[in-house]
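Read the structure below first, then the notes.
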Amino acid sequence: MPEPGDSSPARSPSKRQLTRLRTSLLPAGVLLLSGLAVSLGAGLLWRSSVRDHERASFRATFSDVTATLGTELRRNDDYIATIRALVEMQPHLTTTGLGEWYTALEGRARQSGDAATGVVSRVPARELAAFQRRRSSDPAFMRFSGGTVSIYPPGRRSHYCLLSAGVSPIASQIGANPLIEAATHADWCTSALRGAVRELQQETDTGRLLAAPPALGSVFLGAAVYRRGAHVATVAQRRAAVIAWVWTSFDAPTALQTALRAHPDLRLTLYYRNPGGGVQLVGRAGVARQGPFRERRSIPGESDWALAAAGSGLPTGTSADVQGIVAFLIGATITGLVCALALVLLRARRRALVLVARRTGELRHQALHDALTGLPNRVLALDRAQQMLARGTRESAPIAAVCIALDRFKHVNDSFGHAAGDAVLRTVAQRLQSAIRATDSCARLGADEFVVLVESAHLDAGPELVAERLLELLRVPYEIAAAPGRQLAVTASVGVAVGPRESASELLRDAELAANEAKAAGGDRYALFESRMHTAVQDRMTLEMDLGEALDGDQLEIVYQPIFDLLSGRTVSVEALLRWRHPRRGLVMPGEFVPVAEQSGLIVPIGRRVLERACGHAASWRRHGHDVGVAVNVSARQIERENVVAEVRDALEGSGLQPAALTLEVTETAIMKDAPLIAGRLRALKEIGVRIAVDDFGTGYSSLAYLRQFPVDALKIDRSFIAGLASSKEAAALIHTLVRLGKMLELETIAEGIEDPAQLELLRRERCDRGQGFLYARPLPAEEIEDFLQGDLAVGRAPRAVGGRPIG
C-alpha cells in the first residue's frame, strides 16, 4: 500500500499529456501566428494599395479639372487683354462699337456664367459735356444704362471715371444686376462704388490684370489702359498715361461647376492673389463632404489663380479599412488564399497604374493633335519647328516652312455641307503625309491651313520644287460622298519661308504671310516670303489704327464732283467722294485706305457718316434753290447689313432730303458677291424712294440675266473705257454697246472720267445721258459747291479756281 503522499504514479501521465499537448499546439500556434501575420500583412497591403489607387485617381482627376478650369480662366485673361488693346486703339469706343466687336468675336460663348463687360474712361472735367453727348447719342449705351446718363455722386471734380461702354450677354441682366446698374451711373474715382478707387489705382500702378473681391456671385477682372505710345515703365508714368480701365466679370461657382461636370466626387475651392495683397477666396463648388485627399495647385497664366481640391479618389463602394479586414479573415482561414489574393492585388494595382498612364498619354496626344485629321496641331508644330531651327543652326542645314491654305474652302462647306468639308480636309492631310519623308513634319494649323516643315535633302533642289509638288498633289480631284459620281476640284495657295529665324513662331508667321500673298494673287500658286510682306502687314495695321483715329478725330473730308446732263450742260447732281487728311502723310486717296476700312469693318461707320453729311449738304443746296441730287457710294460690307435700310431712312429724315434726290452707287462686283441677298437689300432701299446706280459698270462679271433682277436706275460706265475712247475703235465700240444696253433696259447711263472735248463729243453722239470728269469740274469742297452752282459753268469750259485755290 503506498504511503500517504506518494502520488507519483498518478502525476506522471498528466504531465506527459500536457507536454504532448503543448508540443502539438506549438506547430499549430506557429502556423496560426504565421497565417495571422501573413493575413495581417496581406490585409495591410490591400488597404495601402487601394488607398494609393484612390490617391492616384484623385490626382489625375484634379489635373484634368485644373486643366479645364485653367483654359477657362486663361480665356478671361486673353479676353480682357483683347478689350484692352481695342480701347487703346479706339479710346472713344462706344457701346455700339463694343457690341459689334463682341458679337463678331462670339463673346457670349467665351465663358460660362459671363455677366458683363465694360470700359471706364478717365474724363477730364473740360471733356465731360462731350463725353455725355457721346453716351446719350449711343442707343446701345442707353439700353445698357437703363435710359439715363446721370453721374453719382453729383458735383464738379477735376476729372471723372465714368462707364463709357458696356455689354452683357444676357439682356435680362441689364438693370437687374445691382452692380451693373450702379456701375453705369457712378463716378468710379469716388467712393460711389465701394473699393473702386483703390482697385482702379492698383490696376493703374501695377499695369497688370487684377481681380476684385467676389460680389453677388460674380468675380470682376480689371486692367488699366494707357495712352498708345506712352512710356509706362514707372508708376508715375503709368498714372500719367492712364486713359481708361476695362473690366469683365464671370460667375466663379458656375465656372467651377462646369469644370466638375464629369467629376462630381470632388470639392473645389478657387483662390486669387493680387500683387501685394492677400489670398482671396473666389468660390467653392462640389460635394459638401470632405474626402481624405487634399491638394492645392497654382493655375499657370498671367493671373495668380490657385485651385484647391478635396475628395476621396475613385468611389470604391467599400472602404479600404473594411477590405483590409476581409483580406485578413480570408488569409487567416487559408494562408495560401491570402498569398493568391496578394498576387491578384499586386496585378490589379499594376493594371490600374497602366490604365492611368495610358489615359494620361491619350490626354497628352489629344492636347497636341488635331481631332479631325490626326495631324499635329499648331502647338506641336511650333515645338517641332523650334527643334528643326536648332538642328539647322547646329548642322548648317537648310530648313523651310511651307504653309498650305486651301482656296475658297468655304464654298465646299456651303455647297456640300460640313461633313464633305471634313472629308476633304482628311484627304488633304493624307496626301500631305504621303508626300513627306519621315524626317519632315506635317501639321494642321487650323481651319483650312496646313504646314509642312522641310529640312536638308528636300531643299537641295530649291523650295520652289517642294511647293510645286504639293500644288500638283492637291490639284488632283476629290471624291465627294454627298455628290456620287462627281469630283470636286480644290486648289491651294502655298507660302514658303526659308532659312533660320529667331523663333518658330516667326518662321510659321512668315510662311503664312507668303501664303496670303499667293491667295491674294488669285490662288493655285506659291509665293516665297519676302521682307516686304511683313512690312506691308505692319503698314496695313498702322493704317488701320490711324484710320480709327481719323474717324474719331474728324480727319475725313467729303468733296463733291458735279454730274452734268450731256445735252444741256446743266448740273443735275454731285457725287460725294471721300478724302483723308492724314496729319503726317498728307492727303490719302480712297484707293489706299478704303480696302483697309472694308476688311477692318470701319467702312460701316465711315459710310454712315458720309451718307449723313452728304444728305445734309444736298438738302441745304436744295433749300437755296439748286435742284441737284447727290450720289453716295455704298460698299458691299454696308449693303450686306440688315440695318442699312434704317440708316438710309434715318439720314434722309434727319436732313430733310427727298428720297428721289439721293442715289446710292453700288459696284458691279459688290452686287454679284451674293446676288440674292443684295437684290433683296436693293429692293428694300427702292421702296424708300432712293435711286440705285451700278458703279464701275463693265469691269465686273454680271450677266444681262442677273442685271435684270436688280432694281437699278442707272449704269455708270467705268472711266477706264472713257480714257481710250478717242484713240481706240474697240473702246468706242464698247461704249456704244454699253449705252445701247442701258437704253434697252431703260436705264440712265453716266460716263465717268470725261477729260477732253473729243470724248464728250463721242458720248453725245452715242446719246449717253450724263457725265462727270475734269473737263467739267474737279471735286470741290462742300462750301464751294454752292458757288459753283451759282456760277452755272458752261459745258466744256476749263476748270476754274473757286475760293482762291484750284479746284480738285
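Points worth noting:
- Boolean, ARG227 is touching a strand residue (DSSP E or B) at 6+ places or on another chain (Cβ under 6 Å), closer than 27 Å to LEU162 by Cα, surrounded by fewer than 17 Cβ atoms within 10 Å (Cβ to Cβ) and not acidic (Asp, Glu): yes
- TYR271 meets the conditions (1) modelled with pLDDT of 80 or more; (2) part of a strand (DSSP E or B); (3) under 28 Å from the mean Cα position of the chain (by Cα) in every case but one. The failed one is (3).
- Only one of the numbered conditions (1) at pLDDT 90 or above; (2) part of a helix (DSSP H, G or I); (3) within 18 Å of ASN516 (Cβ to Cβ) is not met by ALA467, and that is (1).
- Count of region 719-746 residues, restricted to those that are among the charged types (D, E, K, R) and within 24 Å of ILE692 (Cβ to Cβ), is 4.
- Note on region 261-295: residues that are over 17 Å from ASN76 (Cα atoms), of a type in the set (A, V, I, L, M, F, W, C) and open to solvent by 10 Å² or more (accessible area, probe 1.4 Å) total 6.
- Residue within region 774-794 that is in a helix (DSSP H, G or I), in contact with a Leu (Cβ under 9 Å, 6 or more places away or on another chain), open to solvent by 50 Å² or more (accessible area, probe 1.4 Å) and modelled with pLDDT of 90 or more present: no
- From the options ARG613, ARG641, residue that is part of a loop (DSSP other than H, G, I, E, B) and either among the charged types (D, E, K, R) or touching a Phe, Trp or Tyr at 6+ places or on another chain (Cβ under 7 Å) (or both): ARG641
- Flag not set for ALA423, criterion: among the hydrophobic types (A, V, I, L, M, F, W, C), open to solvent by 10 Å² or more (accessible area, probe 1.4 Å) and touching a helix residue (DSSP H, G or I) at 6+ places or on another chain (Cβ under 6 Å).
- Annotation note: of TRP580, TRP621, the sole residue that is within 30 Å of the chain's Cα centre (by Cα) and at pLDDT 75 or above is TRP580.
- Test result for ALA447, at positive phi and surrounded by fewer than 14 Cβ atoms within 10 Å (Cβ to Cβ): yes
To keep it simple, each residue is scored yes or no on (1) closer than 25 Å to LEU98 by Cβ; (2) among the small types (Gly, Ala, Ser); (3) crowded, with 19+ Cβ neighbours inside 10 Å.
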| site | (1), (2), (3) |
| --- | --- |
| SER218 | yes, yes, yes |
| GLY222 | yes, yes, yes |
| HIS231 | no, no, no |
| VAL235 | no, no, no |
| ALA241 | yes, yes, no |
| ALA244 | yes, yes, yes |
| THR248 | yes, no, yes |
| LEU256 | no, no, yes |
| ALA259 | no, yes, yes |
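- Search result, residues across region 595-610 that are modelled with pLDDT of 80 or more, in contact with a helix residue (DSSP H, G or I) (Cβ under 8 Å, 6 or more places away or on another chain) and assigned to a helix (DSSP H, G or I): ILE603, VAL604, PRO605, ILE606, GLY607, ARG608, ARG609
- Filter result for ALA401 (among the small types (Gly, Ala, Ser) and either in a helix (DSSP H, G or I) or loosely packed, with under 14 Cβ neighbours inside 10 Å (or both)): no
- Extreme residue, most open to solvent (accessible area, probe 1.4 Å), among residues of region 624-636 that are at pLDDT 85 or above and under 21 Å from ASP695 (Cα atoms): ASN633
The values are calculated or read from the model by the stated rules, or taken from the named source; none is laboratory data. These figures come from a predicted structure and were not determined experimentally. Reconstructed Cβ throughout: ideal geometry from the backbone, glycine too, with neighbour counts over all protein chains shown. Surface accessibility is based on the protein's heavy atoms, side chains included, excluding ligands, DNA and RNA. Shrake-Rupley method; radii C 1.70, N 1.55, O 1.52, S 1.80 Å.
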